[in-house]
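One structure below.
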Amino acid sequence: MSGLFGFFDRYGILVLGALLLVYPFLLKGLGELIFLAEEHNLRSLAKALLGFRAVIPSTPLMIQIIIYAFFGIAFNILLGYTGMLSLGHAAFFGVGGYTVGLMHVWFKPGAAVPDWMVGAFTLFPLETSLLSAVVVSALVALGVGMLASRKRGVYFAMLTLALSQVFYYAAQTFDRLTGGTDGLGGLANMRLGSLNLQVGIMDAQVTYYFVFFIAAVSTAIIWQILRSPFGHSLQAVRENERRARNCGFDTDRIRLLVFVLSGMFSGLAGALSIIYGESVPIENVHFGTSGQIVIITLFGGAGVFLGPAVGSFIYWYLRQLMSTEFVKYLAIFQYWEMWVGGIFILIVLFLPQGILGSIWQWTVNFRARRQMREYRRKMTAAVQRAEEGIDDAHP
């Protein structure tokens, strides 16, 4: 058991990445199996495969799962590794989306922006807008962090919530810019200039691999950051900030830097979220999105690197299953939020470290008990040998 989880600890990201990489091909192969079964009148097999196909995530759902898994990993830098609960990360998620959306609306020939900017956007529209989303989100996170990161505990959480609501009401107020409550639409046919590919709702597979590639590279960067000395300093701040400060760490600077990093990657996740949806809904900057990512992170396990990925899969898969399949048998499943909330309460009560976090803790405890049994066995054997030696010396 310990060997299995040791393997997962070292290679879990690679295994998960490989599964996500081949997932669209598995779906395609399943579709071909269903076609062959129907063609050869294997009705029972075809029916079973169709039932299985109905309950596994579709490509669009997997895109959503990957985006929110990445969003959760970015949020987990702050909550899980530094111990800072932000209730306003929807602001950065929404800012990233609005940046990409507004650039696709504004940066056209004849627009009131410099020609060199229009030229760069025309050649590499999606690449330029994603890079801009990262920069703008980082700047917004820097501004919010300078106001909030020096606060602690509930004061920090409530201040991030209040500042996030400022962005939400600003999006409502400046409706000519953001589309107001209707959101910012008309973002179809986004083009990946470097490969001359269209991404969006018309080609789910291309969009899937584009989102997967950006999320995978960004996740690898986050992984390296957390394994660096800076990443270890985050955990020192989480465990005992006063002691970390006494050891010479500039904890205020660390808190600000990690807030900016988390906000920057969250903005990139928000930018990815509009590529397939082809619009920026105002809900992206609403408190509900902040609460959603907190739930997703706690589902999987805060402080466990892949915890938010597990949480994202569970959250979106249950939501899809309840609202499309379970509701066919019981109408009460149309209130999927109530059921997800109930499951969340059960996890908090019985798995307080989240699903993956609790499994990891059980593994650690299992290893500790096994080592203790081995230690006791060796000590007992040593005592017995010592007693036998004494008996031989004094017959």
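The values are calculated or read from the model by the stated rules, or taken from the named source; none is laboratory data. Note that the structure is predicted; figures quoted are calculated from it, not measured. Don't worry about glycine lacking a Cβ; one is built from the backbone with ideal geometry, like all the others, and counts go over all protein chains shown.
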query: Filtering segment 170-216 down to residues that are modelled with pLDDT of 80 or more, among the polar types (S, T, N, Q) and surrounded by fewer than 20 Cβ atoms within 10 Å (Cβ to Cβ), which residue is nearest to VAL22 (Cα to Cα)?
result: GLN205
- prompt: Restricting attention to segment 152-168, which residues are more than 14 Å from LEU78 (Cα to Cα) and of a type outside the set (Val, Ile, Thr)?
  reply: TYR155, MET158, LEU159, LEU161, ALA162, LEU163, SER164, GLN165, PHE167, TYR168
query: Scanning for something out of contact with any Ser or Thr (no Cβ under 9 Å at 6 or more places or on another chain), closer than 23 Å to VAL135 by Cβ and without any contact (Cβ under 8 Å) to a residue 40 or more places away in the chain, does segment 230-247 turn up at least one residue?
result: yes
statement: The condition of being in contact (Cβ under 8 Å) with a residue 12 or more places away in the chain, under 23 Å from ALA54 (Cβ atoms) and within 12 Å of the chain's Cα centre (by Cα) holds, among SER312, SER323, only for SER312
Residues of segment 131-152 that turn out to be without any contact (Cβ under 8 Å) to a residue 24 or more places away in the chain and either under 20 Å from the mean Cα position of the chain (by Cα) or part of a helix (DSSP H, G or I) (or both), as a count: 5
query: Can you name every residue in segment 14-45 that is hydroxyl-bearing (Ser, Thr, Tyr) and closer than 24 Å to PHE70 by Cβ?
result: TYR23
query: Which ones in segment 265-297 are of a type in the set (A, V, I, L, M) and touching a Ser or Thr at 6+ places or on another chain (Cβ under 9 Å)?
result: LEU268, ALA269, ALA271, ILE275, VAL280, ILE282, VAL285, ILE293, VAL294, ILE296
- request: Considering only residues that are small (Gly, Ala, Ser) and either without any contact (Cβ under 8 Å) to a residue 12 or more places away in the chain or touching a Gly at 6+ places or on another chain (Cβ under 8 Å) (or both), look in segment 216-229 and name the one that is nearest to MET146 (Cα to Cα).
  value: SER228
message: Name the residue that is surrounded by the fewest Cβ atoms within 10 Å (Cβ to Cβ), counting only residues in segment 232-266 that are under 19 Å from ALA148 (Cβ atoms) and among the hydroxyl-bearing types (Ser, Thr, Tyr).
response: THR251
query: Scanning segment 343-365 for residues that are crowded, with 17+ Cβ neighbours inside 10 Å and not in a helix (DSSP H, G or I), which turns out farthest from the chain's Cα centre (by Cα)?
result: LEU351
